[in-house]
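The values are calculated or read from the model by the stated rules, or taken from the named source; none is laboratory data. Keep in mind it's a predicted model, so treat the numbers as computed, not measured. FYI the Cβ positions are ideal-geometry reconstructions off the backbone, even for glycines, and counts take in every protein chain you see. Protein only, heavy atoms only, side chains kept; ligands, DNA and RNA dropped before computing areas. Shrake-Rupley method; radii C 1.70, N 1.55, O 1.52, S 1.80 Å.
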Amino acid sequence: MNTLYAIEEVVPHRQDMCLLERITHWDQDTIEAELVVPDAGLFVEEGRVPAWVGIEYMAQVCRGEIYQGGGCDI
């Protein structure tokens, strides 16, 4: 198993802009992350998160993959 880093070590964003909770798995081919959308989250609109925020989720996961020694092909 590869070393998993604290999210603060991987993603440069802080406070409300750090959208990931943790990276749960990574290897040469994949990376998996978890997040919790708070009810009063930065991007919550009428109880939902707009689809375009998914791009930021992916960008933060890619940052994690790059940090942990992988590459990110999206």
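A few notes on this one:
Quick grid of which residues meet (1) touching a Phe, Trp or Tyr at 6+ places or on another chain (Cβ under 9 Å); (2) open to solvent by 60 Å² or more (accessible area, probe 1.4 Å); (3) part of a loop (DSSP other than H, G, I, E, B):
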site	(1), (2), (3)
Tyr5	yes, yes, yes
Asp29	no, yes, yes
Glu32	yes, yes, no
Pro38	no, yes, yes
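- So Val10, is it surrounded by 15 or more Cβ atoms within 10 Å (Cβ to Cβ) and modelled with pLDDT of 90 or more: no
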